[in-house]
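Here is the structure we will look at, set down as structure tokens.
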Amino acid sequence: MTTSLDQVLAMLQHLQEENQCLWEAVAQIHQAPLTPAQHQEYKISLPDEFDGTRSKFRGSINQVRLVNIKVIPRAQPKSDYPH
């Protein structure tokens, strides 16, 4: 299958236009206010205080990771999209 340079350039132009439309849609989604149904606060307890016991170390680390996964990514704005 041979593709001429003009066909490749046309496909590239189409992909660039499609990509631009997608970025605009993403920007609109992030600018739209969240409805109460879309916005839910996580109710996560703070991890248990680690008392230094070796046998409780793994559980304490897992609790901290869970809090970081559930809370911190939601708290940071996602404005790092390239344009």
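The values are calculated or read from the model by the stated rules, or taken from the named source; none is laboratory data. Because the structure is predicted, anything quoted here is derived from the model rather than measured. A quick note on method: Cβ atoms are made from the backbone with ideal geometry, for glycine too, and the neighbour counts reach across all protein chains shown.
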Taking Arg74 as the residue in question, decide whether it is among the basic types (Lys, Arg) and either modelled with pLDDT of 75 or more or touching a Ser or Thr at 6+ places or on another chain (Cβ under 8 Å) (or both). no
Quick test of your reading of the structure: Val64 fulfils all but one of (1) of a type in the set (A, V, I, L, M); (2) modelled with pLDDT under 75; (3) surrounded by 10 or more Cβ atoms within 10 Å (Cβ to Cβ). Name the failing condition by number. (2)
Within the range 38-61, track down each residue that is modelled with pLDDT of 85 or more and of a type in the set (D, E, K, R). Asp51, Arg54, Lys56, Arg58
